[in-house]
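> Quick one: the structure is below, and I'll ask about it shortly.
The values are calculated or read from the model by the stated rules, or taken from the named source; none is laboratory data. Please read all numbers here as calculations on a predicted model, not as lab measurements. So basically every Cβ, Gly included, is an ideal-geometry build from the backbone, and we count neighbours across all protein chains shown. Protein only, heavy atoms only, side chains kept; ligands, DNA and RNA dropped before computing areas. Shrake-Rupley method; radii C 1.70, N 1.55, O 1.52, S 1.80 Å.
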Amino acid sequence: MEKLVKVSEERNKKLNSIEKLKLEHCPKETWDKLEYYAKNGFSSIPEHDLNYFLKCFGIFYRPATPEKFMLRVRIPGGKLTPEQAYTIGEIAKKFGNDYIDLTTRMQVELRYIDIKDIPEILKRLESVGITTFQTGVDNFRNIVQDPLDGLAYDNVITTWDILNKIQAIFLKNFDWICKLPRKFNISITGSYSNRCNAYGHDVCFILAEREGVFGFNVYLGGKVGEVAKSADIFLNGDLVPIFFEGLGKVFKKYGFKDSRNRNRIKYLIDAVGVSEIVKAVENETGIKYQKSGVTLTDLEGGDHYDKIQLKNGKYAVHLIVPVGIFSGTKLIEASKIAEENEGDIRLTVEQNLYITNVSDPESVKNYPLFKETENRRTVFFTNLIACAGTEHCPFGVIPNKPDAINLSDYLSKKFNFPQDEGKLRMYWSGCQKGCGIHGMGDIGFVGVKFKENGKPVTGVDLYYGGTIIGESTEGKLLIKSLSFDKLNTVVEEIIRVYIGLKKDRESFEKFYKRVLSKISRGAFKFIILFNSKVRSENPQLTLEISDQLLNKSTEEEEIFILGYQLYRRATGKSPYSRQNILDIYDEPDPEKPSKLNNSISKEFEKLILRMISKDPKKRFKVFTELEEELKNIKI
């Protein structure tokens with residue numbers, strides 16, 4: 001542990017402003033003053049409480065709604081009893097404009113709340129076993145688990161009791177409240193299907209098998225832009241809370257307190273190595289942990305869009321809640337349906353919900369709650385995420401939720417793509433903080449500001465290829481600074497590629513692994529941008545991902561293949577008898593496309609001929625060169 005001590009001491013010689021604030025004030029003082037603030041009004045709240053310490057208790061001031069607060073309600077594992085759901089719904093109706101957001105951490109956010117009403121709201125929540133404690137800033141946040149924990153056929157280990165043992169260590173315990181260097185997210189899943197973004201957290205306990213025993217492999221260091229990495233540890237269920245507490249103590253003691261932007265546990269791991277962290281936890285707990293087993297989250301299809309049969313023979317019925325925008329009225333209706341079926345409500349990380357224990361799923365769908373979303377039961381809404389944008393979040397760059405809905409509505413009208421024909425996860429983040437977990441989406445969107453033609457505009461950075469099957473991987477940036485006026489047609493082209501080449505009922509993730517991962521990012525970007533440019537007026541020129549394009553070793557080879565396609569589409573003839581860049585040197589030069597098709601511009605002709613030139617010095621080598629040429633060409 002010598003390295004850990006040394007690195008920590010060096011990094012903590014200087015403290016950031018928040019750590020200095022923690023030395024001057026404490027969250028217990030804030031909690032004790034809450035009644036005073038409620039009686040004396042908004043103006044009585046000092047800045048340090050308004051902007052930081054109240055967040056320890058899930059109370060967030062949002063300048064976008066002056067003198068109003070957002071309450072973030074902790075829903076462990078996303079699991080709500082009918083009584084709890086009804087109570088939250090009633091609170092939203094009475095105190096919060098009947099508005100609710102469902103979040104990507106399986107929580108509920110109430111908005112438009114007056115400070116005078118907060119003590120009463122918290123008492124009502126506590127009366128049904130719910131709290132807002134530690135849902136913000138430097139705390140252990142809401143623990144996510146499989147929403148169908150204990151119910152689904154593919155659930156091997158029920159994790160609910162383990163989750164509660166973990167939570168009991170820190171919840172409402174002032175030895176832990178606001179004592180971490182930074183926020184700390186936790187996931188646990190005992191299922192073959194990854195229904196809870198299981199690898200996107202600071203610590204992840206993932207279903208595994210070792211020598212015939214089922215338990216959990218440990219993964220560490222997940223955050224926005226980073227998938228958690230294996231700690232090479234296997235735990236049985238009894239050891240999970242013990243390991244967690246030891247890890248928390250290590251982070252609390254040695255975590256970095258200098259830079260707010262680089263003090264998640266990931267950065268501590270990067271600095272000293274995961275083995276050093278594991279040794280520190282073993283020293284803290286007095287236990288030598290077993291090496292990891294085989295991780296078992298390889299199953300796809302465990303999050304059915306409609307209903308899923310449970311172990312007891314009944315069903316969990318899935319309700320689409322587009323981008324998590326809900327209401328107290330609707331949550332009350334959901335609570336009544338759950339109560340009638342003697343089931344409960346399970347929130348999901350995709351901002352939807354399940355109603356469990358349903359005997360007759362078809363009868364449930366006749367309720368107004370389900371009827372309202374009938375027109376949005378498409379691939380483009382089923383797995384859609386969007387965090388709060390400019391309307392409710394001070395960090396938001398774009399509206400985000402409306403943007404996500406607008407795109408999904410556009411695609412739903414453009415394509416007849418029923419829910420059972422595929423799966424597409426579109427995840428939207430309103431800014432680079434990434435609360436919409438865009439990196440895990442099949443297609444990810446991040447709100448950005450940039451200049452276009454010298455004028456400031458907003459739009460998105462577009463990502464693709466995030467995976468959740470097996471050990472998750474982050475998506476890659478496909479197109480940077482894409483304005484909203486181009487977004488619909490660009491994403492439309494991605495969907496055309498998917499629909500045109502996918503196998504029957506193949507998800508985008510499996511399609512990505514089978515096809516898109518076998519061409520370069522540059523090739524895919526060029527195909528998408530080129531097709532969006534030509535489809536309306538010259539659809540005969542659109543490019544496709546052919547077998548010849550797959551598994552090429554260089555972008556130059558890919559460019560040649562696409563140039564070959566373009567020549568054929570533009571002229572009706574092949575430029576060479578062989579479609580291999582290495583076999584064309586003894587062939588005659590191809591005819592100029594304009595001689596075969598007089599509608600082709602000279603600039604476009606020049607571009608095509610450079611793509612397929614026999615002279616390596618004249619050919620495009622990388623797609624960035626080609627993209628620059630394409631920008632100014634009339635086709």
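> Mean projection of the alpha-carbon convex hull of the stretch 263-364 over all orientations, in nm²?
Over every viewing direction, the Cα hull of the stretch 263-364 projects on average to 11.0 nm².
> Also, quick follow-up: Taking the Cβ-Cβ separation of Gln290 and Lys602 as r and a Förster radius of 45 Å, what is the calculated FRET efficiency to the nearest 0.05?
Efficiency computed from Cβ-Cβ geometry: 0.05.
> Along its principal axes, what span do the Cα atoms of the stretch 341-383 show, with the longest given first and each in whole Å?
31, 23, 14
> Using only the alpha-carbon atoms, how far is helix 239-254 inclined from the longest principal axis of the chain? Give it as 0 to 90 degrees, nearest 10.
Computed tilt is about 90 degrees.
> Averaging over all projection directions, find the projected area of the Cα convex hull of the stretch 1-93 and quote it in nm² with one decimal place.
9.8
> Give me the Kirkwood hydrodynamic radius of the stretch 531-597, using the inverse of the mean 1/r over all pairs of distinct Cα atoms, in Å to one decimal.
Here the Kirkwood hydrodynamic radius works out to 12.9 Å.
> A further question on this structure: For the chain, what is the calculated [θ] at 222 nm in deg cm²/dmol (nearest 500), taking -39500 (n - 2.57) for each run of four or more DSSP H residues and dividing by its residue count? Could the numbers behind the result be given before it?
Working: 23 runs with 225 residues, N = 635.
-10500 deg cm²/dmol, from helical runs alone.
> Each label point is 7 Å from the Cα along the Cα-to-Cβ direction; what then is the distance between the points at Val213 and Lys433, in nm?
According to this spin-label approximation, the distance is 4.2 nm.
> Tilt of helix 2-11 relative to the longest C-alpha principal axis of the chain, in degrees (0 to 90, nearest 10)?
The answer is roughly 90 degrees.
> Between Lys253 and Leu23, what is the label-point separation in nm under the 7 Å Cα-to-beta-carbon projection?
2.1
> Using a cut-off of 15 Å between beta-carbons, work out the net charge of the residues near Ala168 (Lys and Arg +1, Asp and Glu -1, Ala168 not included). Kindly include the intermediate steps, with their values, before the conclusion.
Details: positive: Arg74, Lys165, Lys172; negative: Asp161, Asp175, Asp238, Glu245.
Charge balance near Ala168 sits at -1.
> How long, wide and thick is the stretch 412-556, going by the Cα atoms along their three principal axes, in whole angstroms, largest first?
Principal-axis extents of the Cα atoms in the stretch 412-556, largest first: 42, 39, 37 Å.
> Using the Karplus curve 6.51 cos²θ - 1.76 cosθ + 1.60 with θ = phi - 60°, work out ³J(HN,Hα) for each residue of the stretch 427-437 in order, rounded to whole Hz, and write x for Gly and Pro.
Result, rounded to whole Hz: 10, 10, 10, x, 7, 5, 5, x, 5, x, 6.
> Another question, then. To the nearest Å, what is the center-to-center distance of the stretch 252-296 and the stretch 321-356, using C-alpha atoms only?
That distance is 37 Å.
> I've got another one for you. May I ask you to evaluate 6.51 cos²θ - 1.76 cosθ + 1.60, the Karplus curve with θ = phi - 60°, for each residue of the stretch 290-298 and list the ³J(HN,Hα) values in order in whole Hz, giving x for glycine and proline?
6, 5, 5, x, 9, 5, 10, 8, 9
> List the residues, sorted by chain then number, that are 5 or more residues from Lys79 or on another chain and whose placed amide H is less than 5 Å from its amide H.
Long-range HN contacts for Lys79: Leu347.
> Continuing with the same structure: Between Lys13 and Asp161, how many nm apart are label points set 7 Å from Cα along the C-beta direction?
Output for this residue pair reads 5.1 nm.
> Follow-up question, since we're still on this one. Decide, for the stretch 360-479, between rounded, prolate and oblate: order the square roots of the alpha carbon gyration tensor eigenvalues as a ≥ b ≥ c, take rounded if a/c falls under 1.5, and otherwise choose prolate if a/b is larger than b/c, else oblate.
Working: a/c = 2.00, a/b = 1.57, b/c = 1.27.
Judged from the Cα gyration tensor, the stretch 360-479 comes out prolate (a/c at least 1.5, a/b above b/c).
> Please report how far the C-alpha centroid of the stretch 86-107 lies from that of the stretch 364-442, rounded to the nearest whole angstrom.
Spelled out, the Cα-based centre of one part sits 19 Å from the other.
> Computed from these coordinates, which is mean projected area of the Cα convex hull in nm²: (i) 31.5; (ii) 26.8; (iii) 34.4?
Recomputing mean projected area of the Cα convex hull in nm² here gives the entry labelled (i).
> If you take the square roots of the eigenvalues of the alpha-carbon gyration tensor of the stretch 510-635 and sort them as a ≥ b ≥ c, do you get rounded (a/c under 1.5), prolate (a/b over b/c) or oblate?
Oblate, since a/c reaches 1.5 and b/c is not below a/b.
> Here's another thing I want to ask about it. Quick check for you: with a 1.4 Å probe and neighbouring chains kept, what is the accessible area per residue of the chain, in Å²?
On a per-residue basis, the chain sits at 41 Å².
> Just reorder Leu562, Leu529, Leu50 by solvent-accessible area, largest first, 1.4 Å probe, all chains present.
Largest accessible area first, the list is Leu529, Leu50, Leu562.
> What does the convex hull of the Cα atoms come to per residue for the stretch 37-132, in Å³?
In the stretch 37-132, the Cα hull volume divided by residue count equals 90 Å³.
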